[in-house]
Amino acid sequence: MSAKLKVFSMFDGVGGFIIGLNNADSNYYKTLYSNQFEPTRKSQDAFEVGKYRFPDMEHIGIDVAKIPDEKFVEMKNNGVNMIVGGFPCQDYSVAHTGAKGIQGKKGVLFWQIIRATQNIKPKYLILENVDRLLKSPTKQRGRDFAIMLKAFNDLGYSVEWRVINAAQYGAAQRRRRVFFFVFKNDTDWAAKINSQSMGEMSFEELLGDPLRDYVFKQGLFARQFPIKQEPVKNREASYELKGDIVDISDNFTGKVFNTGIMINGKYYTVETEPTGDEKPTTLGEIIQPENEVDEKYFITDKDKLDKFKYLRGPKKIKRKSSDGHEYMYSEGGMQPYDSLDLPSRTMLTSEGSVNRSTHLLKINGRYRLLTPIEAERLQAFPDDWTKYKLTENGDVKEVSDRMRMFFMGNALVTDIVKRIGIELKRIDSGKF
């Protein structure tokens, strides 16, 4: 069977989106192109892991901003109709250049998604970012996200979003990320929503029951990630994205909560919480048996253990600001080691070093760190997924433990993508 949805994976990392979609249905989804480039690193390890794991797709190992429009048009001509990506979180403000329009600051990678969308014109996009994006920037909360909504609206797309804590839907990690389901306004799915929600309704009517029903019951996220059927603390709001992108950048004053839907420049947003019906996987359930763990992961050095004790303990530190002002920085204490009876804390890119956020296990009286396999399991990757890479010389080499930990700290929980992929297949197949 020929795949129905052909994918371009942007900011691919080590293929988390690809794994999730393949696990949803590898016949329905086929990734034809990926792009991965780390500008701060001479060695492009993640790109080389992708080449090793996915030899049959085209891997583009350059800065996304240097991919010519013609390449995106080639993707369109080869059937790409879906874009996925976990894009870096940066400043999305709009620069004034005299001309009104999308004039993002140089190096802001969200605008590369918009450029790819302009050229490929996909039916769908699935995107992921840190949840603080919805509150960015601090002095004009929600502005950055509103700019994104406006940018997609101007290209003829609607956007559904939800902040998902993976552990609340069965995963082994308390990882909160915002996911976007972006769909073209000429799809059957958009037509169904518009027929139910739009019509001749006023803005006030539209942002009442129709979009509320979509968010709580009918939408992709509502189907796969059930929520309680009422707002948290009556937190709900609506907003109309008037003017152009520069106007939104300058004047936005609306609210953005953890769940919402934007259609035709109008959005409804609400604070929601999961039903609590799904039990998380615990850290203890994913760790390797002791006899499978190399001794190098165990900590026997007293100085290293003392450092962990200090880092995880409460402290007050005198610090000096850039203008010379002295102040006391306070930090609360953590548990001395991570509980095996709970899902893991959020894994960061610094997992492979000794720091406050590094997971510390105590098993049978012995202290140790996470293994790369356990880090992969926390993100629902296959065991040893990141162990090997294919260099530009065609050699297969092992990846360092520290880099493998960095990969996983940067990755997403692939089981969340799997569930999104399952529901999107139903939507795309017309099973409304």
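No lab work stands behind these numbers, since they all come straight from the coordinates. Nothing here was measured: the structure is a model prediction, and the numbers come from that model. We place every Cβ from the backbone using ideal geometry, glycine too, and count neighbours over all the protein chains shown.
What FRET efficiency, computed as 1/(1 + (r/R0)^6) with R0 = 41 Å and r the Cβ-Cβ distance, is obtained for His325 and Glu273, rounded to the nearest 0.05? For R0 = 41 Å, the calculated efficiency reads 0.55. Taking a straight Cα-Cα cut-off under 14 Å and skipping sequence neighbours fewer than 8 places away in the same chain, the aspartates and glutamates within cross-link reach of Lys233 are Glu271, Glu273. Candidate cross-link partners of Lys307 among the lysines, defined by an alpha-carbon separation under 30 Å and a same-chain spacing of 8 or more, comprise Lys296, Lys315, Lys316, Lys318, Lys320, Lys362, Lys387. Taking other Cβ atoms within 10 Å as a rough exposure proxy, Asp25, Asp250 sort from fewest to most as Asp250, Asp25. Across the stretch 275-377, counting alpha-carbon atoms alone, Rg and Dmax equal 16.6, 54 Å. Here the peptides 144-153, 45-54, 329-338, 177-186 are ranked by packing, the mean other Cβ count within 10 Å, and the order with the highest first is 144-153, 45-54, 177-186, 329-338.
Taking every alpha-carbon pair in the stretch 16-61 and binning the separations at 5 Å intervals from zero gives 5, 21, 29, 22, 14, 6, 3, 0 percent. Projected onto its three principal axes, the C-alpha set of the chain covers 71, 53, 48 Å, listed from the longest axis down.
Could you check what % of the DSSP bridge pairs in the chain are antiparallel, to the nearest 5?
Numbers: 46 of 64 bridges.
The antiparallel proportion sits near 70 percent.
The separation of the stretch 318-372 from the stretch 108-144, counted between C-alpha centres, amounts to 30 Å. Calculated mean residue ellipticity at 222 nm for the chain: -8500 deg cm²/dmol, from DSSP H runs with n ≥ 4 weighted as -39500 (n - 2.57), summed, divided by the residue count and rounded to 500.
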